[in-house]
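First comes the structure, then the notes that go with it.
The values are calculated or read from the model by the stated rules, or taken from the named source; none is laboratory data. Given the structure is predicted, the values throughout are model-derived calculations rather than measurements. Note that each Cβ is placed from the backbone with ideal geometry, even for glycine, and that neighbours are counted across all protein chains shown.
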Number of protein chains: 2
Amino acid sequence: MESNTFTNELTFHDIFGDLQNEDFSAARNKLDALHPTDIALIIGSSPTKQREKIWGLIDPEVQGEVLSYLNEETRKNLLDTIETHEIVAVTESLPTDDLADLIQDLPQRAEEIILSLDTDRRKRLESVLSYPEDVAGGVMDLDAVTIREDVSIDVVLRYMRKLGNLPHTTDQIFVLDRDGNYQGSIFINDLIVTDPDQSVSSILKIDTPSIPADTAVAEVATLFEKLDLVSAPVVDYNQKLLGRITVDDVIDIIREEGAHSFMSMAGLDEETDTFAPVIKSTQRRSVWLGINLITAFLAAWVIGLFDATIEQMVALAVLMPVVASMGGIAGSQTLTIVIRSIALGQLGKNNTRWLFNKELLIGLLNGGIWAVIIALISYLWFEQVGLAVVIGFAILINLIFAAMSGAVIPLVLHKMNIDPALAGGVVLTTVTDVIGFMAFLGLATLYLI
Amino acid sequence: MESNTFTNELTFHDIFGDLQNEDFSAARNKLDALHPTDIALIIGSSPTKQREKIWGLIDPEVQGEVLSYLNEETRKNLLDTIETHEIVAVTESLPTDDLADLIQDLPQRAEEIILSLDTDRRKRLESVLSYPEDVAGGVMDLDAVTIREDVSIDVVLRYMRKLGNLPHTTDQIFVLDRDGNYQGSIFINDLIVTDPDQSVSSILKIDTPSIPADTAVAEVATLFEKLDLVSAPVVDYNQKLLGRITVDDVIDIIREEGAHSFMSMAGLDEETDTFAPVIKSTQRRSVWLGINLITAFLAAWVIGLFDATIEQMVALAVLMPVVASMGGIAGSQTLTIVIRSIALGQLGKNNTRWLFNKELLIGLLNGGIWAVIIALISYLWFEQVGLAVVIGFAILINLIFAAMSGAVIPLVLHKMNIDPALAGGVVLTTVTDVIGFMAFLGLATLYLI
């Protein structure tokens with residue numbers, strides 16, 4: 001079992017080796033033995049040129065599934081090299097939600113693909129495509145098992161046996177009225193422990209949550225976590241059943257949320273294709289470098305205001321980075337804590353003030369401690385009492401401002417609907433650089449020169 | 001249904017208001033209407049002093065469950081205020097894995113709590129406690145439904161009806177041999193669509209993965225994602241069934257992984273209690289500030305080497321931060337990409353070299369572009385061709401080194417078993433500061449003075 005389920009790192013290397021040796025039949029055999037998620041991982045870990053080769057070696061039966069496991073940008077890059085009729089062929093077996101995902105990557109070819117589908121599938125696809133990707137309707141499955149409310153358990157059981165098998169991750173059957181409105185659920189596990197002679201109403205659960213189709217996916221994830229759900233019905237505003245969300249969709253949502261907050265701290269998108277061509281990556285990254293350049297020159301301008309002071313006392317130039325960097329670090333700690341509290345929904349009007357005061361107090365305490373330590377080190381280095389006192393006060397001032405900015409910036413950005421994880425760091429270091437240099441060089445100008 | 005399932009922000013504020021007005025019966029009524037996860041959220045969002053008050057108002061029936069939903073540090077802080085016999089009473093209804101979690105927070109009182117349990121529960125608890133928290137054995141449930149292999153479907157069905165109800169998230173029954181060794185699974189959904197007259201062997205799945213108890217939780221999560229599992233058996237090295245892992249445990253694991261990489265970038269623990277007392281938080285944060293201070297003084301020391309140069313040309317001091325900060329930003333982009341690729345298992349010996357070359361090329365391209373732009377701006381500002389040329393070359397050099405360090409540092413740290421998300425940023429900015437200042441001030445010393 002080990003070789004099937006846990007990723008076997010050797011296989012990866014072997015396949016790359018086979019490709020280099022142009023031993024394609026060996027590579028094909030190894031790919032055939034892998035799970036589609038592993039094939040997707042191999043494609044995602046390969047430079048663009050190798051991807052087409054690997055794609056050609058995959059069993060066409062699983063190509064569609066492999067596509068659905070690739071990250072967005074990687075998939076886009078690969079699909080660009082594949083002809084439309086081939087895409088239509090390999091996606092035939094994909095569930096509607098995965099197909100919808102894929103079509104959203106191909107705006108120019110979407111119509112051609114949609115027109116090639118049969119009427120039933122097209123209608124189902126259009127119902128998913130009518131919702132954005134970040135709400136329940138955009139990620140739902142359409143393969144829910146449903147039953148009418150006026151039947152007996154025995155009828156339900158016979159219906160299930162007639163079906164022969166149930167869609168993946170089915171833990172409940174949705175009970176609908178004549179108009180297709182959701183009435184409640186019958187859980188398979190209740191069905192199996194109950195005497196078939198009993199009525200359906202004895203095991204009908206009417207308090208299982210139904211999810212309105214326009215609910216944000218983040219909220220859907222919270223609901224699944226809170227209630228330990230395996231699946232849940234998705235409904236429109238008249239409680240008409242549209243589809244269902246399963247826990248594996250929720251895991252994808254949570255993974256993406258985590259990746260998003262991690263990647264956006266460096267101005268990157270969580271769907272970034274690590275092995276994309278150089279030019280594309282360079283363009284994307286230079287935007288972030290450009291934004292940061294503006295803040296860097298702002299800091300330089302502040303220093304420039306004090307050039308006469310620095311000329312008289314070069315030690316100031318030497319110690320400048322210490323003041324700025326300590327402020328940046330302390331501020332980013334507060335920033336991270338507050339961003340996370342916002343994400344967890346911990347901050348309301350009653351405790352925000354408390355948290356602000358707490359962070360301010362930490363800034364004051366840490367500011368005091370490090371002011372003394374840094375003043376001492378500076379004195380030992382330059383043997384000037386005045387310089388030591390000035391840098392001490394500059395550190396104290398900067399750490400207090402850092403704490404306040406770290407708390408206020410994400411709250412303000414959040415109010416403005418700007419992602420604090422993306423923009424918070426840049427704004428924060430601008431503040432700590434400017435305040436740090438102002439305080440240090442300003443105090444030096446006033447008291448040392 | 002809305003009010004039960006989706007978090008109602010108003011309720012939060014109301015409860016804080018009631019507490020301030022000392023209207024405890026109103027607060028108690030509102031708490032009674034909330035799900036235990038929401039009560040846990042309210043406690044986690046309250047300053048320490050208010051927590052005890054809220055705790056006292058919670059229905060004792062749900063107190064145990066509320067404890068299990070708190071984050072580790074918050075729980076520890078709260079438990080410190082609760083007497084041992086009360087802890088024993090409220091945790092009576094908790095599943096063994098949650099109780100094990102809780103006991104690990106209370107090393108001094110663990111023995112007392114364990115001794116107060118009945119023999120059966122104590123034995124179960126000790127089996128979970130014998131594994132660390134970060135492997136399958138440490139997070140498994142012990143409430144698996146099992147059956148012997150030599151029975152008919154009809155017997156299985158009758159056994160299920162006798163049980164009356166199944167543990168949460170049960171999608172399969174584990175089939176054991178006489179010695180308790182795992183042989184395979186019967187999925188409830190197969191059971192329900194199959195004719196009761198058929199034999200168990202017709203629906204016995206022997207290829208469902210069993211998880212060795214010492215498997216890392218991160219690997220367990222990957223397995224669940226890959227195979228869309230709802231639950232899986234946990235076994236020892238003789239395939240003896242020990243327990244099971246369910247998908248809701250996996251969601252917790254994935255949430256924690258995401259929080260970990262986000263928080264550790266700022267030197268914070270994902271289990272940090274945001275509303276902990278000031279002194280505790282100050283201590284914890286100052287460690288990180290201390291580490292960063294060393295790197296800041298290293299940068300200062302490098303600048304100090306060139307103090308004579310700066311004295312002759314103060315514009316150098318003004319522009320210094322631009323060189324350092326552009327290097328830091330570019331490097332952290334590469335760092336983030338590589339840390340994520342390591343986490344996704346994308347990097348092997350065949351593509352690491354390729355990725356390194358790609359990042360180097362991006363560094364070269366972006367270095368070239370920004371060198372020209374920054375040289376131009378510097379020329380317009382200071383009107384010195386020499387200075388403009390020197391800063392251009394310094395930017396180019398620093399962005400190239402930033403790309404190389406961003407790629408190499410996380411790989412080296414990972415090899416040394418140091419978490420790259422925690423230590424990568426500090427090491428990287430040390431390199432980009434030192435290289436940036438060396439290149440800029442060094443070139444200036446050679447060519448401008």
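Screening region B:258-371 for helices (runs of 4 or more DSSP H) wholly inside it with 3 or more residues that are at pLDDT below 95 and of a type in the set (Lys, Arg) returns the ranges B:278-305. Where helices (runs of 4 or more DSSP H) sit wholly within region B:152-230, those with at least 2 residues that are more than 8 Å from chain A (Cβ to nearest Cβ) and buried (at least 21 other Cβ atoms within 10 Å of the Cβ) occupy B:217-227. Pull up region B:186-197, narrow it to residues that are touching a residue at least 24 places away in the same chain (Cβ under 8 Å) and in contact with an Asp or Glu (Cβ under 9 Å, 6 or more places away or on another chain), then point me to the one that is farthest from B:ARG244 (Cα to Cα). The residue in question is B:ASP197.
Residues of region A:431-445 that are of a type in the set (Val, Ile, Thr), buried (at least 19 other Cβ atoms within 10 Å of the Cβ) and either at pLDDT below 90 or over 15 Å from A:THR334 (Cα atoms) (or both): A:VAL434, A:ILE435. Tell me, please, whether a residue that is over 22 Å from the mean Cα position of the chain (by Cα) and facing another protein chain (nearest Cβ under 7 Å) can be found in region B:273-280. For region B:273-280, residues over 22 Å from the mean Cα position of the chain (by Cα) and facing another protein chain (nearest Cβ under 7 Å): present. All of A:VAL408, A:VAL390 fail the test of being more than 12 Å from chain B (Cβ to nearest Cβ), farther than 22 Å from A:PHE440 by Cβ and either part of a helix (DSSP H, G or I) or basic (Lys, Arg) (or both), apart from A:VAL408.
The rows are residues; the columns are (1) surrounded by 15 or more Cβ atoms within 10 Å (Cβ to Cβ); (2) part of a helix (DSSP H, G or I); (3) in contact (Cβ under 8 Å) with a residue 12 or more places away in the chain.
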{"position": "A:LEU67", "(1), (2), (3)": "yes, yes, yes"}
{"position": "A:GLU86", "(1), (2), (3)": "no, yes, no"}
{"position": "A:GLU92", "(1), (2), (3)": "no, no, yes"}
{"position": "A:PRO107", "(1), (2), (3)": "no, no, no"}
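Here is a yes/no grid of residues against (1) in contact with a strand residue (DSSP E or B) (Cβ under 8 Å, 6 or more places away or on another chain); (2) in contact (Cβ under 8 Å) with a residue 12 or more places away in the chain; (3) among the small types (Gly, Ala, Ser):
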| site | (1), (2), (3) |
| --- | --- |
| B:LYS226 | no, no, no |
| B:SER264 | no, yes, yes |
| B:SER281 | no, no, yes |
| B:ARG285 | no, yes, no |
| B:GLY290 | no, no, yes |
| B:ALA315 | no, yes, yes |
| B:SER332 | no, yes, yes |
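For B:VAL235, the test of being under 23 Å from B:PRO132 (Cα atoms) and in contact (Cβ under 8 Å) with a residue 60 or more places away in the chain is failed. For region A:372-387, which positions are of a type in the set (Gly, Ala, Ser), in contact (Cβ under 8 Å) with a residue 40 or more places away in the chain and either part of a loop (DSSP other than H, G, I, E, B) or crowded, with 17+ Cβ neighbours inside 10 Å (or both)? Residue satisfying the conditions is A:SER378 alone. Exactly one residue among B:GLN283, B:GLN239 is more than 7 Å from chain A (Cβ to nearest Cβ), at positive phi, surrounded by fewer than 23 Cβ atoms within 10 Å (Cβ to Cβ) and out of contact with any helix residue (DSSP H, G or I) (no Cβ under 7 Å at 6 or more places or on another chain), and that residue is B:GLN239.
Can A:ARG244 be described as touching a residue at least 24 places away in the same chain (Cβ under 8 Å) and of a type in the set (D, E, K, R)? Judged against the criteria, A:ARG244 is a match. B:LEU298 - would you say it is among the aliphatic types (A, V, I, L, M) and surrounded by fewer than 22 Cβ atoms within 10 Å (Cβ to Cβ)? For B:LEU298, the condition - among the aliphatic types (A, V, I, L, M) and surrounded by fewer than 22 Cβ atoms within 10 Å (Cβ to Cβ) - is met. Taken together, the criteria place B:ALA330 among residues that are under 19 Å from A:LEU293 (Cβ atoms) and touching a Leu at 6+ places or on another chain (Cβ under 9 Å). Quick one: is B:ASP98 at pLDDT 85 or above and surrounded by fewer than 16 Cβ atoms within 10 Å (Cβ to Cβ)? No: the conditions fail for B:ASP98.
The lone criterion from (1) within 14 Å of chain B (Cβ to nearest Cβ); (2) touching a helix residue (DSSP H, G or I) at 6+ places or on another chain (Cβ under 6 Å); (3) surrounded by 21 or more Cβ atoms within 10 Å (Cβ to Cβ); (4) modelled with pLDDT of 85 or more left unmet by A:LEU78 is number (1). For region A:12-21, the count of residues that are more than 10 Å from chain B (Cβ to nearest Cβ) and surrounded by fewer than 17 Cβ atoms within 10 Å (Cβ to Cβ) is at least one.
Taken as a whole, the structure leaves B:SER405 outside the set of residues that are among the polar types (S, T, N, Q), closer than 17 Å to B:VAL323 by Cα, modelled with pLDDT of 95 or more and over 41 Å from the mean Cα position of the chain (by Cα).
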